[in-house]
Amino acid sequence: MTSFGERRAGLIETAAADQLPAALSALTDSWLAESYATEAAECGLGGANGASTGVALVAVGGYGRSELCPGSDIDLLLLHDDVDTGNLADRLWYPIWDEKLKLGHAVRSMSGTLELAASDTDTATALADARHLAGDATLTARLIEGVQTDWRDNAAQRLDELHRSVSRRHSQSGEVAFLLEPDLKTGRGGLRDAHAIRWARLAGVELPAADTERLAEAYQTLLRSRVDLHRTTGLRSDVLSADDQDAVAERSGAVDADAFMADIARAGRIITFLSDQLWSTIARQSTALAAPDVDIAGLAVRDGELVIDGDPAADVVLVLHAAVQSARGGIPISRASLDKLAERQAQFPDPWPHGARALFVELLGCGHRAIDVIETLDYFDVWTRVLPEWAPNRNRPQRSRYHRFTVDRHLLEAVAEAARFTHRVARPDLLLMGALLHDIGKGYPGDHTQAGMRLAGPIAQRCGWRSTDADTLVRLVQHHLLLTDIATRRDLDDPLTVATVARAAQTQEFLELLAVMTEADCLATGPMAWGDWTANLVSALVEMTTEHLSGSDSTPSTHRRLLTTDVVDLMAAGETALRVDGNVLTVVAPDERGLFSRAAGVLALRGLDVLQADAYSSPAGMAVSSFRVVPPDTPVDWDRVTYDVRRSLRGHLALEARIAERARVYRRRRALSATQAATSVTFDAESATGATIVEVRTEDHIGVLYKVTRVLAEMGLDIRSAKIQTLANEVVDAFYVVGPDGPVIDEAHQREVELALRHILA
């Protein structure tokens, strides 16, 4: 006879995702009912067919809703009416544990259960979904009736507790609609928010029929995805990580991961909107809200909501008046008004009516308060009547190691960050609009910067900016990655680096706008994009470019930061010396090929990631190499590091073998993307003074910097400086090198260097 475990495994493997929760629940029901009948009889508690009196087995929580996913807990309550249940609970629980299932269990009396539910929100919500499994059905019916009565009689208290619980969860789990790795269950707009709406309805709150239908469809999208996530990973986690999205999308039958994640985002937006609207309505009903003055024709505030009395078809700008008032005052636009906008709002003409641009900029300047307003308008498909180019970016995921958010939310977050910095620029309007448009090309085919440039000019002119301002916005889109790319991948001591940025900026005013927009963009992207290291490098680059543009260029000569007085003294001594200053290791030694590589190898061996490296060889035959490492979580044993560097320089350390061994036993931190980073090698002899830039992109692994620099040394290249970046599972390293015949590496030599690098990194 096939065991329960075998039947369960077969069902998980073969059932359709939309049918599995109910089917898995039904299978578990029959197994537990059979087990209960047998065990209750053994304990002297069973009647005919296990219909014992005074004892019942009750499914609660997700199991009570008949929504078991492969990784779900089996939540059970052994309920009794002050009856001695003996060892029945143990006899029921142990077979479940033997099946390696996660069990949530309790044994309680009827009175104790209702008392606990009255004081504990989690218990009250779990029991709200109670369902009879076996035993005394009348006992379960009494429990369900008692719980429902409590929800009705204590509706205000229940709703308040539930709302506070929802708010706490939102602050911890992020948003399903906009995070690139959403939590399908506990995120804002996730399954738990739909459950909260369900529980609120027990307290008498109702949704319109159309909203109930939309909620059910969105809920099923997330529930199916949760099923496929559990089946794909074999884990209980509800976080849809980038590692798993391709495989889960394939299992779900989606066209690709992007389409799959867009469906997730759409479902999350629906649940978020309906949840927010429900709690906002409850709050307005329970709190007397002061109505701020609104003196704009066609708008009014009633019962704490902004009401549009005018006709959006006749006055297209009315929607912007409403949006500004909503964002400024924190007043939600009424549902009836949103429905009116969805039905009546006309497309904005080309050009926009007088005053529309000023209102648009004012809305963007409301910062984070504008995000919910704009997303609400977008939910009702109104925002795209103001800005049609927005549509391809809606719900668009980003397969990026940097980004946290979908494209649309990232753009709004960038605007909100820029709004905090408007006092730092002469043209806040261009800053805010540049932030809104900088990535708008991501929803279009081809390179997103080129696509964005094509869009930005017509948008700006349609909004009413003059042609020179439109050109500025196009250039902001064109160069929105310039400062971070240059600062983190090029030698700031090289005069050509600053000249490159100055040539792109042209004016101090544009550089000012670009610098602030870059910071806003990076802050909106995520913590990997804007740390102290990046911020300091960008700040230094902007300062040096400012001096260059003003004609008072005092850019330090190449290697000046290396050749401090004490380092010069060490080089003059002609002996090997090592110095540690914070997280910077400086090595001074007689110049010989491979010096840089061996020091880099020791750092890899000791688990230290290099952020930046510089090297210099003197005419007197001495060399200095400097390595800035990522500040680790635990203190660095620099004595051990310097000891190993000295051993490696003497040839007394088997670096390659030791690094290979470390790579075998050390599991690299889990990459954000399961997609393996491809290896590329490029050469640039025009952007550096007296050197050729070799840029290497490849998969991150133990000792990659050691391998690359060893190959460069073996190919006769001296490293003058290096910029090292690690982006999750990818490294982007730029080396300023000089060859045996001078700073320019000829094409034949380049081909051989690339061949050697690809071979060692394969």
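The values are calculated or read from the model by the stated rules, or taken from the named source; none is laboratory data. If you're wondering where the values come from, they're calculated on a predicted model, not measured in any experiment. In this analysis, Cβ positions are derived from the backbone assuming ideal geometry, glycine residues included, and neighbour counts consider all displayed protein chains. Heavy atoms of the whole protein, side chains included, go into the accessibility calculation; ligands, DNA and RNA do not. Shrake-Rupley method; radii C 1.70, N 1.55, O 1.52, S 1.80 Å.
Converting phi to 3J(HN,Hα) with the Karplus coefficients 6.51, -1.76 and 1.60 and the offset θ = phi - 60°, segment 109-123 yields 7, 4, 5, x, 5, 5, 5, 5, 4, 5, 10, 10, 5, 4, 5 Hz in sequence order, with x at every glycine or proline. Counting only protein heavy atoms and using a 1.4 Å probe, the accessible area of His479 comes to about 30 Å². Taking a point 7 Å from the Cα of Trp638 along the Cα-to-Cβ direction, the residues of segment 524-540 with backbone N closer than 19 Å to it are 533. Database remark: amide H of Asp75 closer than 5 angstrom to the amide H of Val60, Tyr63, Gly104 (H placed geometrically; neighbours at sequence offset of 5 or more, or on other chains; Pro and chain starts carry no H).
Dividing the helix sum by the residues of the chain, where each DSSP H run of 4 or more adds -39500 (n - 2.57), gives a mean residue ellipticity at 222 nm of -17000 deg cm²/dmol. Accessible area per residue for segment 707-762, computed on protein heavy atoms with a 1.4 Å probe, is 41 Å². Averaged per residue, segment 434-488 has 35 square angstrom of accessible surface, using a 1.4 angstrom probe with ligands and nucleic acids left out. Each Lys and Arg adds +1 at its Cβ and each Asp and Glu adds -1 at its Cβ; summed about the Cα centre, the chain shows a dipole of about 660 debye. Looking at segment 64-146, the trypsin sites (Lys or Arg not before Pro) that sit in a DSSP loop and have at most 13 other Cβ atoms within 10 Å of their own Cβ are Lys100, Lys102. Roughly speaking, what is the centre-to-centre gap between segment 382-447 and segment 471-506 when only Cα atoms are used, to the nearest Å? Using only Cα atoms to place each centre, the spacing works out to 20 Å.
Segment 162-216 and segment 299-371 have their alpha-carbon centroids 26 Å apart.
Reported to the nearest whole Å, the Cα centre-to-centre distance from segment 8-23 to segment 604-641 is 55. Coordinate range of the alpha-carbon atoms in segment 486-611 per principal axis, descending: 49, 35, 24 Å. Within segment 394-427, find all residues whose amide N lies under 16 Å from a label point positioned 7 Å from the Cα of Thr507 along Cα-to-beta-carbon. Residues 425-427 qualify, since their backbone N sits under 16 Å from the label point. The apolar share of the surface of the chain, taken as the fraction of accessible area on carbon and sulfur atoms (1.4 Å probe, ligands and nucleic acids excluded), comes to 49 percent.
Derived scalar couplings between HN and Hα for segment 576-592 equal 6, 8, 10, 9, 10, 10, x, 10, 10, 9, 10, 10, 10, 7, x, 5, 8 Hz in order, rounded to whole Hz, by the Karplus curve 6.51 cos²θ - 1.76 cosθ + 1.60 (θ = phi - 60°), x for Gly and Pro. Remark: the Asn536-Tyr94 segment gains 153.2 nm on full extension, using 0.36 nm per residue and subtracting the alpha carbon distance. Near Ala134, the amide H atoms lying under 5 Å from its own belong to Leu57; only residues 5 or more places off or on other chains count, and H is placed 1.01 Å from N.
Solvent-accessible area of Met544, all protein chains in place: 30 Å² (probe radius 1.4 Å, heavy atoms, ligands and nucleic acids excluded).
Couplings for segment 382-388, taken from phi via the Karplus curve 6.51 cos²θ - 1.76 cosθ + 1.60 with θ = phi - 60°, read 9, 4, 6, 7, 8, 9, x Hz in order; Gly and Pro are left as x.
Computed from Cα positions, the angle between helix 467-478 and the longest principal axis of the chain comes to roughly 90 degrees. Against the empirical 2.2 N^0.38 Å (N residues), segment 145-268 has a Cα radius of gyration ratio of 1.17. Considering only alpha-carbon pairs that sit under 8 angstrom and 6 or more positions apart, the relative contact order computed for the chain is 7 percent. As I understand it, the value is the acute angle between the Cα axis of helix 747-761 and the longest principal axis of the Cα atoms of the chain; what does it come to in degrees, rounded to 10? The answer is roughly 40 degrees.
When log10 I(q)/I(0) by the Debye sum over Cα atoms at q = 0.07 Å⁻¹ is calculated for this entry, the matching label among (i) -0.61; (ii) -0.68; (iii) -0.51 is (ii). Of Thr586, Ser119, Ala418, whose Cα points farthest to the positive end of the dipole of the chain (charges on the beta-carbon: +1 Lys, Arg; -1 Asp, Glu; origin at the Cα centre)? Final value for the positive-end residue is Thr586. Seen through its C-alpha gyration tensor, with square-root eigenvalues sorted a ≥ b ≥ c, segment 255-388 comes out oblate because a/c lies at 1.5 or above while a/b is not bigger than b/c. Rounded to the nearest 10 degrees, the angle from helix 242-252 to the longest Cα principal axis of the chain is 50 degrees.
Would you mind classifying segment 1-131 by shape? Square roots of the alpha carbon gyration tensor eigenvalues, ordered a ≥ b ≥ c; an a/c under 1.5 is rounded, otherwise it is prolate if a/b is larger than b/c and oblate if not. In terms of gyration-tensor shape, oblate. Were the residues from Ala748 through Thr468 laid out at 0.36 nm apart, the gain over their Cα-Cα distance would be 96.2 nm.
Projecting label points 7 angstrom from Cα along Cα→Cβ for Arg424 and Glu217 puts them 4.4 nm apart.
Close amide H pairs (under 5 Å, H built 1.01 Å from N) link Leu611 with Arg628, Val629, Val630, residues at least 5 positions away or on another chain.
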